[in-house]
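The values are calculated or read from the model by the stated rules, or taken from the named source; none is laboratory data. This structure is a prediction, so every number in the text was calculated from the model and none was measured. Cβ: placed from backbone, ideal geometry, glycine included. Neighbour counts: every protein chain shown.
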Amino acid sequence: MTDAEIFARALRRRRRDRAAQDYAAHDFVRAHMLDGIAERLDAVRRSFGEVLDLGCFDGRFTMSGTMSGARIARVDAGFAFACGAGGVQADEDRLPFADACFDLVVSAGVLDSVNDVPGALALARRVLRPDGLFLGAFVGAGSLATLRGALREAERDRPVARLHPQIDVRAAGDLLGRAGFALPVADTETLTVRYRDLFGLLHDLRGMAAGNLLSGTPSLDRAALFRAAAAFAERADADGRTAERFEIVYLTGWAPDPSQPQPAKRGSATVSLATELRHPRKSS
C-alpha cells in the first residue's frame with residue numbers, strides 16, 4: 001500500500017476471504033447488479049467468446065442463451081473467492097492479462113472499493129479487443145445515507161470517516177471517457193432494503209465484503225455503536241423497520257473500433273441551430 005491509497009489492500013483481501021464463507025446469504029445487492037447487467041447484455045445483438053468476470057465473488061455470473069458457450073475467466077482480489085470460482089487472485093487495478101484478449105468484461109460490485117478506479121477502467125479497456133464491451137456496476141453516491149446519518153449523530157463530537165468516498169453517475173461517465181472507452185453510458189437504479197435494526201445492516205455489509213476498508217480508521221467504541229443504533233432506530237417507519245438505500249451505478253462502454261458510429265465533425269452541419277430555431281422545418 002502507498003501513502004496515496006485510501007483502501008488497505010491486505011485488509012480488503014482478508015475481508016473478502018471472510019465473506020466467502022457465507023456469501024450466498026448476503027449477495028442480494030450484487031445479485032441485483034447482475035440482473036441489471038444481464039438486461040443490458042440481452043439488448044446487445046452480438047456474441048462474445050472470451051469473457052472476463054472482474055471481481056467474481058462466488059462466480060455466479062454466467063452467460064445465457066446463445067452465449068452460454070462463452071469461456072469465462074474469473075479474477076478476484078480475495079483468495080477464497082478466486083479459488084472457489086476457479087479463477088486467479090489479483091486486484092482490479094493490477095490485472096495479469098495481456099492486451100486485447102477478451103470480447104467482454106463484466107464487473108459487478110467491486111469498483112467502489114478499488115484504490116485506482118481510473119486505472120482499473122483503463123486496464124479493462126486494454127484487455128478488450130477492438131469493439132469489445134465493458135459492463136460494470138457498483139454502489140455509488142447517495143448510498144447508505146441512513147447509516148451515514150446515524151454514525152454522524154453517534155460521533156458528533158469527534159466525527160470519523162467510516163464510509164467510503166462514493167462516485168456519482170456523472171463522474172462515472174467521465175471516468176469511462178477518460179479510460180478510453182467509446183460510446184460511454186452511465187445510469188443509476190435505487191435498491192431500498194428495510195432493516196429491523198442497525199445490526200442487521202452491519203451484518204449484511206460484512207457478509208457482502210462491503211465493510212469499512214479505509215486505512216487507519218479507529219474502531220467504533222461500544223458507546224458510539226449503541227448511540228448509532230438508537231439514531232438508526234429513530235428513523236424507522238411505523239412498522240419498526242428502517243429503510244436503507246443502495247444507489248447502483250451501471251457503466252457501459254466499448255473498446256474503440258473504426259466500425260463504430262462516429263460523431264459528426266465540428267462545423268459539418270449544413271443548417272445552423274439558430275436558423276433552425278427561427279425557421280423550423282415542416283414535418284412531411
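Once the range 143-173 is narrowed to residues that are of a type in the set (D, E, K, R) and in a loop (DSSP other than H, G, I, E, B), the residue that is surrounded by the most Cβ atoms within 10 Å (Cβ to Cβ) is ARG162. Going by what's in this entry, would GLU234 be described as of a type in the set (D, E, K, R) and within 19 Å of the chain's Cα centre (by Cα)? When the stated conditions are applied, GLU234 does not pass them.
LEU133 versus (1) more than 13 Å from the chain's Cα centre (by Cα); (2) crowded, with 17+ Cβ neighbours inside 10 Å; (3) closer than 18 Å to ALA209 by Cα: which is the lone unmet condition? The number of the failed condition is (3).
When PRO218, PRO261 are screened for being surrounded by fewer than 16 Cβ atoms within 10 Å (Cβ to Cβ), touching a residue at least 60 places away in the same chain (Cβ under 8 Å), in a loop (DSSP other than H, G, I, E, B) and not acidic (Asp, Glu), only PRO261 passes.
Among the residues making up the range 155-196, those that are under 28 Å from THR217 (Cβ atoms), modelled with pLDDT of 95 or more and of a type in the set (A, V, I, L, M, F, W, C) are ILE167, VAL169, ALA171, ALA172, LEU175, LEU191, VAL193. Scan the range 177-196 for residues that are under 23 Å from ARG15 (Cα atoms) and touching a Ser or Thr at 6+ places or on another chain (Cβ under 8 Å) and the total you get is 1.
Annotation: of all residues in the range 13-26 being part of a helix (DSSP H, G or I) and of a type outside the set (Gly, Ala, Ser), the one that is farthest from LEU214 (Cα to Cα) is TYR23.
Listed here are the residues, each with its yes/no results for (1) of a type in the set (D, E, K, R); (2) touching a residue at least 24 places away in the same chain (Cβ under 8 Å).
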position: PHE7; (1), (2): no, yes
position: GLN21; (1), (2): no, yes
position: THR62; (1), (2): no, no
position: GLY84; (1), (2): no, yes
position: GLU92; (1), (2): yes, yes
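Once the range 27-53 is narrowed to residues that are aliphatic (A, V, I, L, M) and part of a strand (DSSP E or B), the residue that is surrounded by the fewest Cβ atoms within 10 Å (Cβ to Cβ) is VAL51.
Looking only at the range 136-178, residues that are under 14 Å from the mean Cα position of the chain (by Cα) and of a type in the set (A, V, I, L, M) come to 9 in all.
With respect to the conditions (1) of a type in the set (Gly, Ala, Ser); (2) crowded, with 19+ Cβ neighbours inside 10 Å; (3) in contact with a Ser or Thr (Cβ under 7 Å, 6 or more places away or on another chain), ALA20 lacks only one, and its number is (3). Residues of the range 179-201 that are at negative phi, within 19 Å of the chain's Cα centre (by Cα) and either in a loop (DSSP other than H, G, I, E, B) or without any contact (Cβ under 8 Å) to a residue 40 or more places away in the chain (or both): ALA179, PHE181.
Has the range 122-135 got at least one residue that is part of a helix (DSSP H, G or I), in contact with a Phe, Trp or Tyr (Cβ under 8 Å, 6 or more places away or on another chain) and closer than 18 Å to ILE37 by Cβ? The answer is yes; a qualifying residue exists.
The set of residues in the range 65-84 that are over 28 Å from GLN21 (Cβ atoms) and either in a loop (DSSP other than H, G, I, E, B) or out of contact with any Gly (no Cβ under 9 Å at 6 or more places or on another chain) (or both) comprises GLY65, THR66, SER68, GLY69, ALA70.
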